Each structure stands twice: as C-alpha cells, then as structure tokens.
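The values are calculated or read from the model by the stated rules, or taken from the named source; none is laboratory data. Please read all numbers here as calculations on a predicted model, not as lab measurements. Every residue, glycine among them, receives a Cβ derived from its backbone with ideal geometry; neighbour counts consider all protein chains shown. The area values use the complete protein model at the heavy-atom level, side chains included, leaving out ligands, DNA and RNA. Shrake-Rupley method; radii C 1.70, N 1.55, O 1.52, S 1.80 Å.
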Amino acid sequence: MNFLLIKTIILCGVMCCVFAPSKAQDRSKQELNIGAGILTSENALSDAVILWISALINEPKDVRVTGAAWSVSYKYHVSERLAVGGSSVYNPSADQWIPDFVDDDRWKRRSLTTAGEATLFWIKQRGFQFYGAAGIGFFVKRSTFYETEVNTDSGYTFQASPVGLRIGDKAGIFLEMGYGYKGVLNGGLSVRF
C-alpha cells in the first residue's frame, strides 16, 4: 500500500473541499477540522483490554508519546444539536505508546483510518461550542521490518470523545478528549462554511 499516494489523494480532496464554493447547502452548516492527536489506538478495544490487564498484573510502566496522528474531519450540521460526517486519520507511529510494544521493537507501523462520526452539541453558542462525539470506522495498518518484511492488518475501530470544545465562529480551534483512533487528546483548527 502506497501511503504517499493516499496522503496526496486526501490532501487534494481537502483542498477541493476548502476552495470549492458550495451553494447547495445552507451557510455555516458545514465544518472542516484538521487536527493532531496523541496516544491513538487503532485496535481500540483490544488495546484497552491489554492496558487494563497490564495495569493489574505488571508494575506501571512509563507511557511514551512518540508522535501525533493527523486527522481531517468533515461535519454537516443536520440540526442545531446534531452533526454527522466522517474522518480520515493517518498515524505514522501506530502502537508505539502501548507499554507491551515499546520494549526493543524494531517494527515500523503506520495506519490509515476512515470512519463515520456523529457529534451531539451540549452547549452551542455563536463563538463557543461544548460537545461530545463518537465514531466507528475501518483501519488498515502496515508494519515493516527494515523494509525486508511487510505485514498488513485491518479491522474495525472506534472513537469516543465525550468532551469536546470549539472556540470561534467561522474559523476557530477545537480540543477533544476521548479514546480511540483520534487519540486521548486531539486538537487543531476548524473552519465553518
């Protein structure tokens, strides 16, 4: 799988969404978010079980933040309190923060996740929104060992972000806390059009 080609296609798609005029939709009903998240988990359910069992059996180990997972999300505001959309997340260092995989691991893992998402707004004012979001999707993970051995894994994943904050009107910033393919902490820039 050529990740450079996939990144180029996603970037071109994002640029078309940003620069193309959209006259069929109501004003400010669409939103585009570009963010970075830390402590991401593509195998969200199995990683949660591994971390829980490891916390019970083993001594606590330091969790390393090895890099950010980059995401592009689109939302369409269906009503005043509900938005639906999708996300694509590229993680250049998948599985590197989980304590069991950190010790002497020479495999390089990258993943690409595509998911559908729903956002429920708890408080929605002109320049401030407080919300929760959830998503379910599919990931493809590529693991390479010095470019001599290549493994590809795929499966279903999820994101649950009960706490989200967006500040700004047309352009703004956002910060989300949760667990899954976007990470424990995810933040970035947001544009409404």
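Here are a few things to note about the model shown:
- For the stretch 144-166, the tally of residues that are over 10 Å from the mean Cα position of the chain (by Cα), in contact (Cβ under 8 Å) with a residue 40 or more places away in the chain and surrounded by 13 or more Cβ atoms within 10 Å (Cβ to Cβ) stands at 3.
- Condition met for R126 (under 14 Å from N43 (Cβ atoms), open to solvent by 20 Å² or more (accessible area, probe 1.4 Å) and at pLDDT below 90): no
- Taking the stretch 167-181 as the range and being acidic (D, E) and surrounded by 14 or more Cβ atoms within 10 Å (Cβ to Cβ) as the test, only E176 passes.
- Selection of the stretch 129-141 for residues being open to solvent by 30 Å² or more (accessible area, probe 1.4 Å) and touching a Phe, Trp or Tyr at 6+ places or on another chain (Cβ under 7 Å) yields F130, I136, F138.
- The stretch 182-193 - residue that is part of a strand (DSSP E or B) and among the aliphatic types (A, V, I, L, M) and, of those, most open to solvent (accessible area, probe 1.4 Å): L189
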